[in-house]
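Asks: Just passing along the structure, written as structure tokens.
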Amino acid sequence: KASEGDDAIKSVTYAKTKEQAKNLKLDEAEKALRYELGLEIKAVEILANGVEIAKVYDRNVADEVIQKAKEYYYPKVNGSCEILSSTIKEQITFKDVNAKASEILNIDDAVKKITGKKEVEKIYIVKEKDTIWDIAIKNNMTVEELRQANPNINIDLINIGQEIKLAVSQPYINVQIVAKIKDREEIPYDTKEVEDKKLSKGVKKVKQEGKNGIADVEKVVTFLNEDTMDEEIIKSTVISKAVDEIVAVGSKVPMY
């Protein structure tokens, strides 16, 4: 409770010095003291869709954490990038709480946590023709990970309708970024095959090396976390054209 340890706090005497007056506010001193005594202090809980994702010291810190979490997913490009919008898909809310200092994260640690992933347990129902290898591949897990998640069953002998626990990693938040990007990109070359009657049938030989072209591209890209979801090219200016790779394919039938 915020009032926890009030008697202990009141019994502490403060010696005023010029250094303290300049650098240490009274509420900061109390926070520091409560930390040393292991007492609860006022904090702000950050929630995503009603589920706690971090505790921080106050609302200002919470706002900064959310902004930095969005910025974490800003695209990294060599050219210019204009952020058109940044939206957290989950509903973010804040709640005043009392918490031990050890539970409260600083800005960097809070951002690191909520841009990371959490382990979520899911249940998979075994279907006809399923093998443990199929189940592992479908759910981006290894057989050993499935074995560790299900210590009480023999996963080598599974039956239709049996429940298998899955340890699935999910992000705490999903951030959608829409950005206008101007960058220089390569234009991939094409490969063309031409008949060559001088080469034996089935033999291939590169007659001209392919070379990628270069273009200045302006586009609007939608990202979800680190994945590209949509891309619309607004303008493309070719700096140098791609050169096709020419491959000769032999058609000569050997004489016996």
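The values are calculated or read from the model by the stated rules, or taken from the named source; none is laboratory data. All values reported here derive from a predicted model rather than from experimental measurement. Every residue, glycine as well, gets a Cβ built from its backbone with ideal geometry; the counts of neighbours run over all protein chains shown. These area figures cover heavy atoms from the full protein model, side chains too; ligands, DNA and RNA do not enter into them. Shrake-Rupley method; radii C 1.70, N 1.55, O 1.52, S 1.80 Å.
Asks: Please work out which one of (1) in contact with a strand residue (DSSP E or B) (Cβ under 9 Å, 6 or more places away or on another chain); (2) in contact (Cβ under 8 Å) with a residue 60 or more places away in the chain; (3) closer than 30 Å to Val51 by Cα is the condition Val220 fails and give its number.
Replies: Of everything listed in (1) in contact with a strand residue (DSSP E or B) (Cβ under 9 Å, 6 or more places away or on another chain); (2) in contact (Cβ under 8 Å) with a residue 60 or more places away in the chain; (3) closer than 30 Å to Val51 by Cα, Val220 misses just condition (3).
Asks: Exactly one condition in (1) surrounded by 15 or more Cβ atoms within 10 Å (Cβ to Cβ); (2) under 30 Å from Leu157 (Cα atoms) is not met by Ser86; state its number.
Replies: Just one mismatch for Ser86, condition (2).
Asks: Pairs only if they're at least six apart or on different chains, beta carbon under 9 angstrom, first in segment 143-164 and under 11 Å from Asp130 (Cα atoms), second surrounded by 10 or more Cβ atoms within 10 Å (Cβ to Cβ) and of a type in the set (D, E, K, R); list them, first residue then second.
Replies: These pairs meet every condition: Ile158/Asp130; Ile160/Lys127; Ile160/Asp130; Gly161/Lys127.
Asks: Also, quick follow-up: State all residues of segment 121-131 that are open to solvent by 100 Å² or more (accessible area, probe 1.4 Å) and either part of a strand (DSSP E or B) or of a type in the set (S, T, N, Q) (or both); if no residue qualifies, say none.
Replies: Glu121
Asks: Does segment 133-143 contain at least one residue that is in a loop (DSSP other than H, G, I, E, B), among the hydroxyl-bearing types (Ser, Thr, Tyr) and open to solvent by less than 80 Å² (accessible area, probe 1.4 Å)?
Replies: Yes, the conditions are met somewhere in segment 133-143.
Asks: Here's a follow-up. How do the pairs read when you match residues in segment 196-213 that are over 19 Å from Val243 (Cβ atoms) with residues anywhere that are outside any strand (DSSP E or B) and open to solvent by less than 100 Å² (accessible area, probe 1.4 Å), using Cβ under 7 Å and keeping only pairs 6 or more apart or on different chains?
Replies: Short answer, once both residue conditions are applied: Ser200/Pro254; Lys201/Val253.
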